[in-house]
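The values are calculated or read from the model by the stated rules, or taken from the named source; none is laboratory data. Since the structure is predicted, the reported quantities are computational estimates derived from the model, not experimental observations. With ideal geometry, Cβ positions are generated from the backbone for all residues, glycine too; neighbour counts draw on all protein chains shown.
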Amino acid sequence: MSLKEYFLLSNAQAAAKLVPEGARKAIATLLGVARRRAEAAERLWSNGHTAEGLRLAVDAFGATQEALPAFVEATGAPVDAAFEGDGLGKYRPVLLDRGLTERRVNTLLEVEKLLVDREAPVLDEDVRAADGELFQKIIATRSRLDAALSPAASSPSQLAWTRIWRLTFSVLTIVAIAATAYLVTRTPEGITAVASDYTNVFDGPRVIDGDPETEWQLPGGSLGYVEISIQPPVHMEQLRLLNGHNRWYNDRATRAYRVELYSADTVVETVDGEFAALEPEPEWTEHALEEDTAGQEIDRIRFSVRSFHRLGAGLAEIEWH
């Protein structure tokens, strides 16, 4: 969807006018059921009920697919007459016409094929890393398909209100981004964090931003470290760590770790530890430092990941006193 279409919804309103009221309600019902299933799937997954969450996500994907024939019948949208069967491939022209890119249509077809060819895990302990990646793909592609079809489930007046809401929300978002930028740059002067690697926007400074909801995360299946530089150096008696968990999916957390405390490029104490399990609501882990360390001026802390839970490693916060 272009930026112009996102705000003006001209094409969406044109499509909505083609759909009779009865068909609109039928499409709205199908998409509404699918959305509720998808929301329930994400809640189950985030609470650790991964097998059931995955099964419900598959159901949500299928329910969204069911809205496609109704959309085609109501709008007369073109389909691929040469395609055999009722799979998503038949609706490629519809999806492209509704604004999905060729790549995203191919991703939809890929997810559909994966769901046909695979056997769903029955118990949570049967869920593997590949299932976690599939879950996220299902949720993302279902949402895109929903967005492509949802104009047919809305009346022109509802779309008009959506347009007003999006314009208002955009203004509020700009204000929020400015406020967030201010908060992020409030990291105490002289304290910086740099990570060996990170995924997307989950970078090293998140472990010292004072917000337990943000995390540093390594790419899936990899090890690495985050290093904090402190100037001027400080004396420490206690170290506190808050494990990550990837709050949207609860699928990334550190297991075994090593913390090295430096004074003038010399390691003055090494702390080895382990977070026993991935916790949806992790609690702080505290390490009392040796008396000799308390007399040292610590100017650097390195937290190294030695193993991880589920898809990869992460850490929410590092504090010291």
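When residues in the stretch 186-197 are screened for being at pLDDT below 90 and in contact with a strand residue (DSSP E or B) (Cβ under 6 Å, 6 or more places away or on another chain), 1 of them pass. Restricting the search to helices (runs of 4 or more DSSP H) fully inside the stretch 43-139 and requiring at least 3 residues that are within 24 Å of TYR249 (Cβ to Cβ) and under 23 Å from the mean Cα position of the chain (by Cα) gives 50-65, 102-117.
With respect to the stated conditions, ALA152 is crowded, with 18+ Cβ neighbours inside 10 Å and either modelled with pLDDT under 90 or among the hydroxyl-bearing types (Ser, Thr, Tyr) (or both).
Might you let me know whether the stretch 245-256 holds any residue that is closer than 30 Å to ILE138 by Cα, surrounded by 13 or more Cβ atoms within 10 Å (Cβ to Cβ) and of a type in the set (Phe, Trp, Tyr)?
In the first step, residues of the stretch 245-256 are kept if they are closer than 30 Å to ILE138 by Cα; the result is 245-255.
Filter once more, so that each one left must be surrounded by 13 or more Cβ atoms within 10 Å (Cβ to Cβ): 245-247, 249-255.
After this cut, where a residue has to be of a type in the set (Phe, Trp, Tyr) as well, the list is 249.
Within the stretch 245-256, one or more residues are closer than 30 Å to ILE138 by Cα, surrounded by 13 or more Cβ atoms within 10 Å (Cβ to Cβ) and of a type in the set (Phe, Trp, Tyr).
Criterion applied to ARG92, ARG43, ARG35, ARG55 was being under 17 Å from PRO121 (Cα atoms) and surrounded by fewer than 21 Cβ atoms within 10 Å (Cβ to Cβ), and the one residue passing it is ARG55.
Okay, residues lined up against (1) among the acidic types (Asp, Glu); (2) not in a strand (DSSP E or B):
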site	(1), (2)
VAL207	no, yes
ASP211	yes, yes
GLY221	no, yes
VAL226	no, no
SER229	no, no
PRO233	no, no
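Restricting attention to the stretch 277-321, the residues being surrounded by fewer than 20 Cβ atoms within 10 Å (Cβ to Cβ) and part of a loop (DSSP other than H, G, I, E, B) number 12.
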